[in-house]
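Everything below concerns the one structure shown next.
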Amino acid sequence: MIPKHGGILSETSDSLDFSANINPLGMPDSVRNAIIQSADQWTQYPDPVCTKLTQGLAQKYNISADNIICGNGAADLIFRIVHALKPKRALICTPTFSEYESALDEVECKIARFRLSEQDDFDVGIEILRSLTMETDICFLCSPNNPTGSRIAPDVLKKVADYCNTNAITLVCDESFLGFTENAAAYSLRNVLHETGIILSAFTKLFAIPGIRLGYICCGSKQIASRIRSSGQYWSVSVPAQAAGLAALQETAFVAQTVSYVAEERGFLTESLRKCGIKVYRADANFLLIKAQDSFADEMYKRGIYVRRCENFIGLTKQHFRLAVRTHSENLRLIRAAEEVYAI
């Protein structure tokens, strides 16, 4: 059985999980301490609108707090967006994160797919505009895209955002992995956040808190934000999650260190895997999409390495796998296992 998403329940001393894309530097001490120190408040209900956290996000990104909604991870917010807006026709790319389609299916939305080209490393190009029609209500983009790892070029993103705004199409850009990339601000939808735009992001991956669950959206429209805020459960973000988010907002040095570390290790993995004869697609995120022999995941599993099988992504095959960027010593172990598999 192929797991719907990466991540196993636990690692052992003899195994490593490369299927989940979590910061290899782990959770910052300040975030861990904030979670622990919030324990005295766990007997109280959490603030349903995350007042302090949304104010912190508003200050960081220079946007009104009224335009920001926090949620129980990015996935929670995807479903809240869709249930609040109830689109009839949507456009998504393939391959991409499966939760967009799952949420759209719940409201019986008709889905059109823009197929990304393997020859172009699955980049989103300007050709996507031809797939947006006057009947499209909502478009989901992911930058960097999961599972391909590639960012959308700023000029392409601007043209798509402008087109969607002109034609009253809601544009959701999932930037959950953008914080791992160099010069991230230049690639964000924040630069062209029109009334119809929604930026989706999360603390989960960058600050290594997938068990805490914390995401947020920034909307170009207060009216749209209000509709989404009213959708979903009332207390969607726990007390420890809100405390973690407030601490994480102060961790600018940690983020800079992460970006540098991930870039170096991603380059190391890319070069080393290619020397094994494995195809590695260009990526900007903290993970890589590769194309290898069908038995690659099974062979790596025998060597204590878990990788993400990608055949359940529309547009990918049994030969596609996603690998997280981990610490250098862990990445070395993956490379040595791959060399054994390919008899280097």
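We did not get these values from a lab; they are worked out from the coordinates using the rules stated. Keep in mind that this is a model prediction, so the values were computed, not measured. Please note: Cβ atoms are built from the backbone with ideal geometry, for glycine as well, and neighbour counts cover all protein chains shown.
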Magnitude of the Cβ-charge dipole (Lys and Arg +1, Asp and Glu -1) of segment 29-248 about the Cα centre, nearest 20 debye, reported as 440 debye
Defining a contact as two alpha carbons under 8 Å apart and six or more residues distant in sequence, what relative contact order in percent does segment 29-248 show? 30 percent
Could you work out [θ]222 nm for the chain from helices alone, using -39500 (n - 2.57) per DSSP H run of at least four and dividing by all its residues? Round to the nearest 500 deg cm²/dmol. -10500 deg cm²/dmol
Could you point to the residue in P210, Q223, N23 farthest towards the positive end of the chain's charge dipole, with +1 and -1 charges on the Cβ of Lys/Arg and Asp/Glu respectively? Q223
As a test, work out the antiparallel percent of DSSP beta bridges whose residues both lie in segment 29-248, rounded to the nearest 5. 35 percent
Among V280, Q119, W42, flag the residue with its Cα farthest along the positive direction of the charge dipole of the chain, charges on Cβ as +1 for Lys/Arg and -1 for Asp/Glu. Q119
